[in-house]
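Below is one structure; the comments refer to it alone.
The values are calculated or read from the model by the stated rules, or taken from the named source; none is laboratory data. As the structure is a prediction and not an experimental result, all values here were calculated from the model. Note that each Cβ is placed from the backbone with ideal geometry, even for glycine, and that neighbours are counted across all protein chains shown. These area figures cover heavy atoms from the full protein model, side chains too; ligands, DNA and RNA do not enter into them. Shrake-Rupley method; radii C 1.70, N 1.55, O 1.52, S 1.80 Å.
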Amino acid sequence: MNILYLHGFRSSPQSMKARLMAAHFAATSHRFVCPQLPASPAAAMALACEFIEDRGDAARDWALIGSSLGGYYATWLAERYGCRAALLNPAVLPADDLAGYVGEHTMYHSSEPFEWRAEHLQELLDLRIERITQPERYFLLAATGDEVLDWRQMRDHYAGARQHIIEGSDHAISEFARYANELVLFCVDG
């Protein structure tokens, strides 16, 4: 199985969750990929599509893990390719959430600057999935204590999907190590 991890806004492959997943999959025969995504949603999806289309049958040989904005991206990819997607506090309406962020920023795990542009908001809207088509392909891990995104939007958007709602916690899911095995099993066994 190939696992593609998609990080969130301002994040990177150096995030706690990405590093934990990389360590989990390093001890297996599964291939784990976590690229640094460009700021542009269209460019990020072009990069993700390259990975998926480069190896195997997407629906059978790929699983996605997406955190925050990466969860929004994973949803679009799962609908496009028919693969499984595990979503960690996923953004549901990121164009709304990120409208106030147009401008210069730095990455969380480095001081590398990047620009979030107004046209990126339209790129996000172009990736919008109004309703997931096969809820059984999704696993939602959402925290009621998420201080950035509304967990109720997540629960409702992924209605019918396998859901693990964490009472409390935070947007980063600070105790993510507790849930890593559940995620791994979903990715490799469905």
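Structure values in brief
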{"quantity": "Separation of the ARG162 and SER29 label points, Cα + 7 Å toward Cβ, nm", "calculated": "2.1 nm"}
{"quantity": "Top positive-direction residue, dipole computed over the chain with Cβ charges, set VAL188, ALA118, GLY82", "calculated": "VAL188"}
{"quantity": "Cut-off 14 Å (backbone N to label point 7 Å along Cα→Cβ of LEU93), residues of segment 143-185", "calculated": "149-157"}
{"quantity": "Accessible area per residue, Å², the chain with all protein chains present, probe 1.4 Å", "calculated": "45 Å²"}
{"quantity": "Linear extension gain, GLU147 paired with LEU20, 0.36 nm per residue minus alpha-carbon span", "calculated": "43.5 nm"}
{"quantity": "Environment charge at ASP170 (Cβ cut-off 14 Å; Lys +1, Arg +1, Asp -1, Glu -1)", "calculated": "-3"}
{"quantity": "Taking the chain and dividing mean pair separation by its residue count, relative contact order in percent (alpha carbons under 8 Å, at least six apart)", "calculated": "21 percent"}
{"quantity": "Dipole of the chain, positive end: most advanced residue of MET21, PHE9, MET154 [Cβ charges, Cα centre]", "calculated": "MET21"}
{"quantity": "Restricting segment 83-176 to GluC sites (Glu not before Pro) in coil, as DSSP defines it, with at most 16 other Cβ within 10 Å", "calculated": "GLU130, GLU147, GLU167, GLU175"}
{"quantity": "GLU136-ARG55 pseudo-label distance in nm [points 7 Å out on the Cα-to-Cβ vector]", "calculated": "2.7 nm"}
{"quantity": "Cβ-placed point charges (K, R +1; D, E -1), dipole of the chain about Cα centre in debye, nearest 20", "calculated": "500 debye"}
{"quantity": "Carbon plus sulfur fraction of accessible area for the chain, probe 1.4 Å, in percent", "calculated": "48 percent"}
